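The values are calculated or read from the model by the stated rules, or taken from the named source; none is laboratory data. No experiment lies behind these values; they were computed from the predicted model shown. Here the Cβ positions follow ideal geometry from the backbone for every residue, glycine too, while neighbour counts run over all protein chains shown. These accessible areas exclude ligands, DNA and RNA; they are computed on the full protein's heavy atoms, side chains included. Shrake-Rupley method; radii C 1.70, N 1.55, O 1.52, S 1.80 Å.
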Number of protein chains: 4
Amino acid sequence: MHDFASDNHAGAHPEVLAAVAAANDGHAGSYGADGWTRRAEELFRRHFGADARAFCVFNGTAANVLAIDALTRPHEAVICPATAHLNLDECGAPERFAGVKLLTVETEHGKLRLDDIARWDERRGDQHHVQPRVVSISQASELGTVYSLDEMRALAAAAHERGMLLHLDGARLANAAAALGASLADVTTGAGVDALSFGGTKNGCLGAEAVVFPRGELAAGFEFVRKQGMQLASKMRFVAVQLEALLEDDLWLRSARQANAMAVRLAALAGDIEGVEVTHLVEANAVFASLPRPAIDRLLAELPGEPPFYVWDEAADEVRWMCSWDTTPEDVDALAAAVSQAVSVP
Amino acid sequence: MHDFASDNHAGAHPEVLAAVAAANDGHAGSYGADGWTRRAEELFRRHFGADARAFCVFNGTAANVLAIDALTRPHEAVICPATAHLNLDECGAPERFAGVKLLTVETEHGKLRLDDIARWDERRGDQHHVQPRVVSISQASELGTVYSLDEMRALAAAAHERGMLLHLDGARLANAAAALGASLADVTTGAGVDALSFGGTKNGCLGAEAVVFPRGELAAGFEFVRKQGMQLASKMRFVAVQLEALLEDDLWLRSARQANAMAVRLAALAGDIEGVEVTHLVEANAVFASLPRPAIDRLLAELPGEPPFYVWDEAADEVRWMCSWDTTPEDVDALAAAVSQAVSVP
Amino acid sequence: MHDFASDNHAGAHPEVLAAVAAANDGHAGSYGADGWTRRAEELFRRHFGADARAFCVFNGTAANVLAIDALTRPHEAVICPATAHLNLDECGAPERFAGVKLLTVETEHGKLRLDDIARWDERRGDQHHVQPRVVSISQASELGTVYSLDEMRALAAAAHERGMLLHLDGARLANAAAALGASLADVTTGAGVDALSFGGTKNGCLGAEAVVFPRGELAAGFEFVRKQGMQLASKMRFVAVQLEALLEDDLWLRSARQANAMAVRLAALAGDIEGVEVTHLVEANAVFASLPRPAIDRLLAELPGEPPFYVWDEAADEVRWMCSWDTTPEDVDALAAAVSQAVSVP
Amino acid sequence: MHDFASDNHAGAHPEVLAAVAAANDGHAGSYGADGWTRRAEELFRRHFGADARAFCVFNGTAANVLAIDALTRPHEAVICPATAHLNLDECGAPERFAGVKLLTVETEHGKLRLDDIARWDERRGDQHHVQPRVVSISQASELGTVYSLDEMRALAAAAHERGMLLHLDGARLANAAAALGASLADVTTGAGVDALSFGGTKNGCLGAEAVVFPRGELAAGFEFVRKQGMQLASKMRFVAVQLEALLEDDLWLRSARQANAMAVRLAALAGDIEGVEVTHLVEANAVFASLPRPAIDRLLAELPGEPPFYVWDEAADEVRWMCSWDTTPEDVDALAAAVSQAVSVP
């Protein structure tokens, strides 16, 4: 049984690993001057639009922070949900590398609303205060919810009419697109996104992400930002080929659909268990639920995994169960059965 | 025939790739909480000393810059050769991330001498000037030369008696150790090094480096520096297992010896060709040579590779031929024959 | 009639200006190597304790940011009220220069409570999250309230038992000390403060502040931080002599008492006006009050000053009236009369 | 007798001090919202051109570093003489605040030549290397020499044709303009300068500098850079009025002419002394000279000042004698006599 702690606990998809092995074919140009990187770049244009420019990086922290850096000057600021990975889980990397301040907003389900942007208008032009320049949303959100295309377009419009830009943390972009039945272009370029992280790692890579600028002109000089940001791979073919594998045959979509479907299955099963409450809409590959604390403790002790899953909110007895590309119906059913059992113990 | 452009043009050693594939075994803890990372850390202690602490990162830029950051405050400075990778090829990453200034020194063969440290003593304590805190050397150097253990110990002593620290850029540490017939501990911990980059990528990895602190106390808080520096891998097992593969069975040494031996072979053959002059001692895996410009142009046009090799100093008609773990005697002989032919054309 | 917009609207106290003029006496050593700076440093030791080390800087932004920089590494963080000047009014200078993240807390009256520190304990040691290192309080607070010595000691103890440090933004330290009837040492060194800004500008200087480290050892290397932070004055005597003037004859105290007394007088008069509510305790030199919006608009239009005072919270019809060293009873009475008149207009 | 250590050893010109005292006139808007600042800005337009925008800051370090920051992204670089104040005497502030690297060039007399720019063309577009963006010159130079207007225009053209910008460190701009008989506009705006520091402090202020952008569009957002750079004065009138005093009645020119004339007088007298060699052209207010070491030591011991002057190059027995706005013919004659005496002692 696979654990439900994180989609980072899953390994690499066999097709990705096979592609990496196939790329280990003699000598090749370094730092991106190789065929795998060129093919990956071409695939990004196919999926995100002909003007899109994509840059491979190693991990999601860097994909987000370097994009933010490219879009801002240090006295500018980023509006984002307080739950954003950028705010909670990057150890201050945005502040340090880009110099910017994050203007955080409490949200109910991890999604920014229109008036979360408007509230920062008051000190625009005031030299004593940072100037909002970027709206950053996570799609899917950290709470497993998904912005509709209409919601995204409205946020993009609100940003653009203020001279701001829309950034999308797409660590789980594949899951969001799969959930919406939308293409990658629909959920980014078509929705008004100005820069985004495309997450490969959680989608089945060993470790590969990309910064994508749907309109290429915002990418000017980004190769230097990436290098100075310590994210230029010398043997880049081994990063690029992973993304090529995801994008070439819709592996990205198959894997995301599988993870999402397993979350839906789990939510349905868990929601039927007395004493368990699903706390956020299950729109991507995460299930958040509250259950009695003794049941949580029992499950943590008995299930496999380091840990088997995370307690998300200690005060609220809320847990997160995360499904991956490799989560199976058997995994889900086993978890649901264990939950049911744990909850029912007197 | 393999090109001689860079040891980054080589692929991954089959044993490394096999280890990566073997690590793709179901779910595992993320961010280093996995068995491969624990084993790699144990191997670093075995090779560098029981007090050593090692941290996996993605690439050499980060390994160097994060180590420098850990050793300095921003008003401090790093003394290094003007030819240091840190100075010439990191796009200003040390200045930007660590905030420090590099105090560069012209050298004859890429190696720092004792009085290159002493010359910066004059403004110690002067609040208008950055304060030298780190001496950084590359071992092997960017010019393919190697510091003897005595030279290293003397530099370490000169640094330490000034309250400074010795940093070693070990992108090619394996080649240096192999050249000296020394253990990894001899050439680092035993020689007084305070922090170092251990380069796996050029030594046969897909992409894996480590920052090593021989005396663990200098590593305090480094896990936060790595994370904030955007170098914490989520599926870290796939980085760590590469280093495990290098260090477990002395693969690092076999690969380095092969590369070094090929450089020696090439230097011997090339040095015998009239019109070709080997310009630096060949002590590791690089051969620098000057030859007539028409011969260079002919070789660049005719040999395989993108490019086949680099012109190092355009003004001096000097080229760099770099050997890798996969360079064969046949590769060397073919290059030597091509050079001989190119030079002899009237 | 003097306006009530800010204690920065007041000019320099005549004794300060006279001291500056007297310091314009031929040549003197630069960058602090002069008698005025030496005397100011001696006065800081007299007022803050024999181990204190003080460094003159130009303004309050720098005093706060450079102190924070000296106390932290960039992956560390500062706990402060959301209303802190550091958070709201420094245009992101702490984030940019020190690289740190601010962990902000909503407060009722601008004062941090003990459990505002405890709430950040949860992710201590978690490499994904910044590590709290400094608690920063403003004394007097931005809302004109003052921490008691007991409150300060409790915060200091809570910080210290976690290995954290207590920073005090003392832009209005003189007002706080005057309000408490405490010496400058009592309210800083004696209360467990580890670093502080001593604000001279609002207390009657043309422009002069100091960073003070009550225990000198935390000041190690601060002369370099100040220089690299662009705050080392070449003709430093003209900054230092201003602080000398404040500290030599208790001018700091006389000025603070005057400003505080005027605030008390204003609060009493305004509080008696029907329709006016004083919204925070008046413990230093600021009066916050809510009054009907039409009255606010009338006062802004009729009273002298650019502006005559600030609307603090547009949504709550709350204004701030700030008293200065030069505010007179006549100023206060004139304002109170105008308010009374404005409120009573039908 | 005034010492010759630095133009920072001189006090403030009486007219500047009088202007400061006159500005201490009741309440005024803070952070630049006052009449003195508006008048200073108007005077900068009168002297530098109608499109010029000027921003007051506290000191020369900040004037240079903030201008560089405004002109660059962190992966860009600044070409400057190795002797530049920016490189030698700012404790790494440009590297830390702007993140940029300085590309330094050895010069004979402190002045950059055309081919010092061309030499950095080689790695333009190479992602591994910082990209030259700014040429920075000091006018007058740190060695007391002055660029002709033709030399400046040629450097500006060389910068502009590469898409680079010309920055001028004008800590002693007044001296250079006086030496050239040129207006401030001639030597900046008219010569192609894109951003500059206008130095008031050495020219007779207590402490006041300005960043000037001759073409206003480069100033976009600079008010935020200044604030985030910790250089926004709260009682700005007291900074601005100093610059107003310099620029209103050509006080800047009178003071600069006096200092320059004294340097010429000193060079003539010293150059006639056997054993003394003037080592750089004396074009502004500094005299560099070599003389026998025993004479140097004798002068340092006997003359007034802390120190009386600086030894510039210990190895070459070279000293710097710096003249100020307050240097008198009697000061010069006394120094010359002392030198003559010191040199003649057997």
Can you give me the % of accessible surface on region D:80-185 that is carbon or sulfur? Probe 1.4 Å, all protein chains present, nothing else counted. 48 percent
Expressed in angstrom and ordered largest first, the alpha-carbon extents of region C:200-259 along the principal axes are 37, 27, 17
Residues of region B:210-240 buried by at least 30 Å² on assembly (accessible area, 1.4 Å probe, chain alone as reference): B:F224, B:K227, B:Q228, B:M230, B:L232, B:S234, B:K235, B:F238
Considering Cα pairs under 8 angstrom that are at least six residues apart, work out the relative contact order of region C:128-256 and quote it in whole percent. 21 percent
Of the options A:A77, A:L246, A:N260, report the single residue whose Cα projects farthest towards the positive end of the charge dipole of chain A (beta-carbon charges: Lys, Arg +1; Asp, Glu -1). A:A77
Placing a label point 7 Å from Cα toward Cβ, how far apart in nm is C:A18 from its equivalents in the other copies, listed shortest first to one decimal? 2.1, 9.0, 9.1
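Average partner chain C-beta neighbours within 10 Å, per residue of D:8-17? Numbers along the way, then the final one.
On the way: counts 9, 9, 6, 9, 6, 1, 2, 0, 1, 6.
Average neighbour count from other chains, rounded to a whole number: 5.
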Compute, for region A:1-86, the length of the dipole vector about the Cα centre, with Cβ point charges of +1 (Lys, Arg) and -1 (Asp, Glu) only. Units Debye, rounded to 20. 240 debye
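Averaged over peptide A:27-36, how many Cβ atoms belonging to another chain are found within 10 Å of each residue's Cβ?
Values: counts 18, 7, 8, 8, 4, 1, 4, 2, 1, 0.
Mean inter-chain Cβ contacts per residue within 10 Å come to 5.
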Rel. contact order, % - alpha carbon contacts under 8 angstrom, at least six apart, chain D: 25 percent
Give, rounded to the nearest 20 debye, the magnitude of the charge dipole that the protein assembly as shown has about its Cα centre when Lys and Arg contribute +1 at Cβ and Asp and Glu contribute -1 at Cβ. 0 debye
Please give the residues of region B:304-324, grouped as numeric ranges, whose backbone N is less than 16 Å from a label point set 7 Å along the Cα-to-Cβ vector of B:E277. B:312-320
Between C:L281 and the same site in the other copies, what are the distances in nm, shortest first, taking label points 7 Å from Cα along the C-beta direction? 4.7, 7.0, 7.4
In percent, how large is the relative contact order of region D:196-346, given Cα pairs closer than 8 Å and 6 or more residues apart? 22 percent
Span from the region B:1-70 Cα centroid across to the region B:148-220 one, whole angstrom: 16 Å
Only loop residues by DSSP count here, and only those with at most 13 other Cβ atoms within 10 Å; note down the GluC sites (Glu not before Pro) in region A:148-233 that meet that. A:E161
Just round it to a whole percent: the fraction of Cα-Cα distances in region C:1-137 exceeding 28 Å. 38 percent
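Going down the table (C:K235/D:K235; D:K111/D:K202; A:K111/C:K111; A:K202/B:K227; B:K111/B:K227; B:K111/B:K202), which pairs top 22 Å between alpha carbons? Intermediate values should be presented prior to the final figure.
Details: C:K235/D:K235 19 Å; D:K111/D:K202 20 Å; A:K111/C:K111 31 Å; A:K202/B:K227 18 Å; B:K111/B:K227 32 Å; B:K111/B:K202 20 Å.
A:K111/C:K111; B:K111/B:K227, as the Cα separations exceed 22 Å there.
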All-pairs Cα distance distribution in region D:202-303, expressed in whole percent, bin size 10 Å: 12, 27, 25, 21, 14, 2
Accessible-area loss of at least 40 Å² in the complex relative to the chain alone (1.4 Å probe) applies, within region D:76-103, to D:L88, D:D89, D:C91, D:E95, D:R96, D:F97, D:K101
Might you report the magnitude of the Cβ-based charge dipole of chain A about its Cα centre, with Lys and Arg at +1 and Asp and Glu at -1, to the nearest 20 debye? 1160 debye
Ignoring ligands and nucleic acids, chains C and A bury, in total, an accessible area (1.4 Å probe) to the nearest 100 Å² of about 1600 Å²
Dimensions in Å of the protein assembly as shown - Rg and Dmax from alpha carbons: 33.0, 106
Please figure out what share of the DSSP beta bridges in region D:121-219 is antiparallel and state it in percent, rounded to the nearest 5. 30 percent
Using θ = phi - 60° and the Karplus form 6.51 cos²θ - 1.76 cosθ + 1.60, what ³J(HN,Hα) does each residue of region B:153-160 get, whole Hz, x for Gly and Pro? 4, 5, 5, 4, 5, 4, 5, 5
Just the projected area, averaged over all directions, of the convex hull on the alpha carbon atoms of chain D: how many nm²? 17.2 nm²
Where both residues lie in chain C, what percent of DSSP beta bridges are antiparallel, nearest 5? 50 percent
Would you mind telling me the share, in percent, of accessible area of region D:276-346 contributed by carbon and sulfur at probe 1.4 angstrom? 55 percent
Whole-number accessible area per residue in Å² for the protein assembly as shown, which is evaluated in the context of all protein chains at 1.4 Å: 32 Å²
If you draw the axis that swings chain D onto chain C, which residue of D has its Cβ closest to it, and how far is that in whole Å? D:F58, 2
What is the sum of charges around A:G216, taking Lys and Arg as +1, Asp and Glu as -1, for the other residues whose C-beta is under 9 Å from the C-beta of A:G216? 0
Given labels modelled 7 Å from the Cα in the Cβ direction, how far is it in nm from B:D121 to B:D249? 5.1 nm
Peptide-level mean, for D:199-206, of C-beta atoms on other protein chains within 10 Å: 3
The protein assembly as shown - share of DSSP beta bridges that are antiparallel (%, nearest 5): 50 percent
Sort shortest first the distances from B:G221 to its counterpart in every other copy, using label points 7 Å along the Cα-to-beta-carbon line, and give them in nm. 0.9, 3.0, 3.1
Environment charge at B:A19 (Cβ cut-off 13 Å; Lys +1, Arg +1, Asp -1, Glu -1): -3
Using a/c under 1.5 as the rounded threshold, could you call region B:267-346 rounded, prolate or oblate? The axes a ≥ b ≥ c are square roots of the C-alpha gyration tensor eigenvalues, and prolate needs a/b larger than b/c, oblate otherwise. rounded
Restricting to aspartates and glutamates and to Cα separations under 14 Å from B:K101, and discarding same-chain partners fewer than 8 apart, the set is B:D69, B:E76, B:E90, D:D89, D:E90, D:E95
